Amino acid sequence: MGQSASTAAVPSCRETNHSHRSKAKSTALISPMHAEETGAWKGTIDGVADYISDLPDECLAFIFQSLGSGDRKRCSLVCRRWLKIEGQSRHRLSLNAQSDLFPIIPSLFSRFDAVTKLALKCDRRSVSIGDDALVVISLRCRNLTRLKLRACRELTDAGMAAFAKNCKSLKKLSCGSCTFGARGMNALLDNCSSLEELSVKRLRGITDVAAVEPIGPGVAAASLKTICLKELYNGQCFGPLIIGAKKLRTLKLFRCSGDWDKLLELIAERVAGMVEIHLERLQVSDQGLAAISNSLDLEILHLVKTPECTNSGLVSVAVRCKLLRKLHIDGWKANRIGDEGLVAVAKHCPNLQELVLIGVNPTKVSLEMLASNCQNLERLALCGSDTVGDNEMSCIAGKCVALKKLCIKSCPVSDNGLEALASGCPNLVKVKVKKCRGVTPDGAEGLRATRPSLAVNLDTGEIEHQDASASDGGAQDHAVEFTPVGGQVPAASIGPSSSGRSTSFKSRLGLLSGRSFVACTLRRWSGGNSSSRGNS
């Protein structure tokens with residue numbers, strides 16, 4: 001950048017009033033630096049005048065904020081002035097939270113004194129920081145708005161309580177694989193009145209004792225908008241918090257033990273404004289779905305591997321939640337949700353824009369109804385559906401006028417079905433086809449030739465390996481072929497011992513791989529359309 005700490009040159013004519021500039025401040029609060037402290041001189045480099053040293057601190061801060069982490073680190077090595085400005089303009093910091101971090105915390109946060117978003121992550125095999133370190137951090141970062149804790153197993157209820165008293169402006173908390181319990185969580189909820197997002201995963205300190213001490217609601221309940229609970233042994237102890245969160249709009253429950261039907265009924269009675277609900281591997285039945293149907297503003301619903309939910313429960317949701325825009329269903333090959341529930345969605349949810357069906361077997365009947373009634377349907381994904389063949393593809397091509405993105409995986413579709421897209425779905429911009437054995441590279445190439453503007457992505461899934469494992473059963477192909485890709489809830493987070501599980505369990509887990517493939521696809525779709533053919 002043409003600036004170094006040892007540049008010898010004529011002093012800048014504007015150097016004397018450099019610290020008295022009163023320009024508009026950026027989001028970073030930068031303390032003006034005097035020339036004698038920084039040695040800021042304007043000289044020449046290779047015969048070219050160096051004006052960078054004459055830039056106000058605020059301008060440098062804006063430049064640093066637009067750089068990536070690596071570039072920022074390199075810039076901080078240029079000179080003392082840049083080191084200080086880079087530290088003062090950094091609002092986000094991620095630290096390896098091992099125990100040896102404690103001695104350097106004061107000097108670390110003397111440099112990074114404007115941090116508002118902090119992540120403390122420790123390797124599971126290492127000893128994490130303890131309460132003393134967290135208290136020092138809380139005293140140095142009183143303006144903290146976001147905190148992420150990962151595997152900080154030495155933190156206790158007392159440390160979290162002290163932190164909560166010092167950082168009352170916290171808006172977002174995410175903790176995973178920590179060992180503090182209900183008292184520490186309640187301390188946060190009692191002190192952080194601005195808390196809007198709470199994500200809790202594998203909180204080891206919440207055991208049977210937590211049933212005696214429920215969590216919430218606290219003052220945070222008045223501001224909470226998103227609650228996400230993952231892999232909690234006694235997650236229902238968060239019931240008072242959820243019920244008391246009157247402004248709650250998003251509720252996500254993943255792999256939490258216990259029967260949730262009755263609690264969902266209580267939640268539906270007290271919380272009326274929810275627009276997004278995710279239920280994954282949860283013990284919930286049609287009774288719980290009937291309770292969810294009372295959320296009349298519901299727009300997004302994910303039902304993933306909830307085998308007790310049937311067509312009846314989906315019908316009750318469809319009839320009352322007429323604003324539904326996104327529906328994801330992983331039926332886990334249970335055949336309990338099918339045409340009946342999907343037809344109800346088609347009749348009562350005309351605003352549907354995104355539909356993902358995994359392990360569900362819709363037929364031409366429901367697909368035709370969805371295509372005809374849901375005129376805004378733009379994204380459709382069908383995975384592991386035994387009933388989706390060429391006829392259903394022709395139906396989609398002829399009826400889904402607004403469709404922009406189509407994802408097909410492990411369905412009995414052939415080149416003929418793919419060919420139907422050549423003259424249908426006029427707004428289609430991207431097609432992804434994976435592990436559909438009837439679709440060949442020639443078929444995909446023919447579609448590209450017919451519609452040059454259409455991005456066609458074909459993954460045959462290495463048929464040779466599939467044939468070799470055919471004796472183990474068709475479902476086993478999923479487990480053999482796919483390593484689960486990180487979706488909203490990665491399959492890999494189920495536990496490190498999954499490799500030693502039975503073949504039958506792996507077969508079912510393979511279906512989750514399909515969901516991850518679809519989730520990955522939808523995330524890429526949401527990032528914008530690709531203009532090149534064959535982009536994955």
Convert each backbone phi in region 330-335 into a coupling constant with the Karplus relation 6.51 cos²θ - 1.76 cosθ + 1.60 (shift: θ = phi - 60°), then list the ³J(HN,Hα) values in order as whole Hz, x for Gly and Pro. 10, x, 6, 6, 7, 6
Taking R0 as 35 Å and r as the Cβ-Cβ distance between A222 and R74, the FRET efficiency 1/(1 + (r/R0)^6), rounded to the nearest 0.05, comes to 0.20
Could you check the simple spin-label distance between R125 and V365, using points 7 Å along Cα→Cβ, in nm with one decimal? 5.6 nm
Just the accessible area for C75, please: 1.4 Å probe, Å², rounded to the nearest 10? 20 Å²
Please report, as a whole percent, how much of the solvent-accessible surface of region 308-364 comes from carbon and sulfur atoms (probe radius 1.4 Å). 49 percent
In the structure shown, of K171/K225; K364/K435; K405/K434; K172/K252; K322/K347, the pairs separated by more than 18 angstrom at the C-alpha atoms are K364/K435
³J(HN,Hα) computed for each position of region 445-457 - Karplus, 6.51 cos²θ - 1.76 cosθ + 1.60, integer Hz, glycine/proline x: 5, x, 5, 4, 5, 6, 10, x, 7, 8, 7, 10, 10
State the Cα centre-to-centre distance between region 341-401 and region 414-444 in whole Å. 16 Å
Can you list the residues, at least 5 places off or on another chain, whose amide H is less than 5 Å from the amide H of D330, using H built in the peptide plane? L303, V304, K305, I358
Once amide H atoms are placed 1.01 Å from N in the peptide plane, what residues at a sequence separation of 5 or more from S414, or on another chain, have their amide H within under 5 Å of its amide H? D390
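Within region 42-130, report the trypsin sites (Lys or Arg not before Pro) that DSSP leaves as loop and that have at most 12 other Cβ atoms within 10 Å.
Working: sites: K42, R72, K73, R74, R80, R81, K84, R90, R92, R111, K117, K121, R124, R125; in loops: K42, R90, R124, R125.
Here the trypsin sites (Lys or Arg not before Pro) that fit, given the DSSP loop and packing criteria, are R124, R125.
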Net lengthening on full extension, Y51/D442 (0.36 nm per residue, minus Cα-Cα): 134.8 nm
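Find out how many positive minus negative residues lie around K322, taking Lys and Arg as positive, Asp and Glu as negative, among other residues whose Cβ is under 11 Å from that of K322.
Details: positive: R320, R325, K347; negative: D297, E299.
Counting the neighbours of K322, the net charge comes to +1.
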Pop out the ³J(HN,Hα) list for region 393-398 in order, Karplus 6.51 cos²θ - 1.76 cosθ + 1.60 with θ = phi - 60°, rounded to Hz; leave Gly and Pro as x. 5, 5, 5, 4, 5, x
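Lys and Arg at +1, Asp and Glu at -1: add these up for the other residues within a Cβ distance under 14 Å of N191 and post the number. Don't jump to the answer; show the numbers that get you there.
Numbers: positive: R142, K165, K168, K171, R183; negative: D157, D190.
That sum, taken over residues with Cβ under 14 Å, equals +3.
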Collect residues whose amide H, placed 1.01 Å from N in the peptide plane, falls under 5 Å from the amide H of D259; neighbours closer than 5 in sequence don't count. none
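So if each residue of separation counts as 0.36 nm, and I subtract the Cα-Cα distance between N416 and N391, what length gain in nm does that give?
8.1 nm
The values are calculated or read from the model by the stated rules, or taken from the named source; none is laboratory data. Computed from a prediction, not measured in an experiment: that's the story for all the values here. Positions of Cβ are backbone-derived with ideal geometry, glycine not excepted, and every protein chain shown enters the neighbour counts. SASA here: full protein model, heavy atoms, side chains in, ligands and nucleic acids out. Shrake-Rupley method; radii C 1.70, N 1.55, O 1.52, S 1.80 Å.
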